[in-house]
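To keep things clear, I will list the structure first and then write my remarks on it.
The values are calculated or read from the model by the stated rules, or taken from the named source; none is laboratory data. From a predicted model like this one, the values you see are computed outputs, not experimental measurements. Neighbour counts run over all protein chains shown; Cβ positions are idealised from the backbone, glycine included.
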Amino acid sequence: MTLLEVRSLQAFYGASQALFGVSLDISEGEVVALMGRNGMGKSTTIKAILGLVPPRAGSVVFAGRPVAGMRPHRIARLGLGLVPEGRRCFPNLTVTENLLAAARDGDWTLDRVVGLFPRLGERRGQYANTLSGGEQ
């Protein structure tokens, strides 16, 4: 089953076109690498899929639902997001301390986060710099 379908995606920064008809299909459970030289549109492709750069043409369908033109926070709530490169955590704080440092007011609690990421629950008292890249 196709989880993410991108068709003829075009995006611009002002008058400068950055994406010229990008298409891709990613199936559930599939691992895909987006590769290319600097300035070839890798980051812009991801940003356009996530709604961070509004696509001017094309379609993005996630889990059967069209998301092109949706606000980024709505796309994220559907389960489509970005884990940025680099280990953006406080290495000398524990997992719990990192989660609390990044916490915002709202519906999320530590228990809810740990429910989504059980491995973090197992490592609550561990220093963040001892986690693998994926765990971070």
Residue count, the stretch 101-136, condition aliphatic (A, V, I, L, M) and closer than 26 Å to L52 by Cα, comes to 5
Is it fair to say L19 is surrounded by 14 or more Cβ atoms within 10 Å (Cβ to Cβ), of a type outside the set (S, T, N, Q) and over 14 Å from the mean Cα position of the chain (by Cα)?
yes
Restricting attention to the stretch 89-112, does a residue exist that is part of a loop (DSSP other than H, G, I, E, B), touching a helix residue (DSSP H, G or I) at 6+ places or on another chain (Cβ under 8 Å) and outside the structural domain of Q126 (by TED's automatic domain parsing)?
no
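The rows are residues; the columns are (1) in contact with a Cys (Cβ under 7 Å, 6 or more places away or on another chain); (2) at pLDDT below 90.
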{"site": "G64", "(1), (2)": "no, no"}
{"site": "L78", "(1), (2)": "no, no"}
{"site": "L82", "(1), (2)": "no, yes"}
{"site": "F90", "(1), (2)": "no, yes"}
{"site": "W108", "(1), (2)": "no, yes"}
{"site": "L116", "(1), (2)": "no, yes"}
{"site": "N129", "(1), (2)": "no, yes"}
{"site": "Q136", "(1), (2)": "yes, yes"}
Being in a loop (DSSP other than H, G, I, E, B) and either at pLDDT below 90 or more than 14 Å from E5 (Cα to Cα) (or both) is the filter here, so list the residues in the stretch 38-58 that pass it.
N38, G39, M40, G41, G51, L52, V53, P54
Somewhere in the stretch 101-109, is a residue among the aromatic types (F, W, Y) and free of Cβ contacts under 8 Å to residues at least 12 places away in the same chain?
yes
Within the stretch 42-67, the residues that are in contact (Cβ under 8 Å) with a residue 24 or more places away in the chain and of a type in the set (G, A, S) are A48, G51, A57, G58, S59, A63
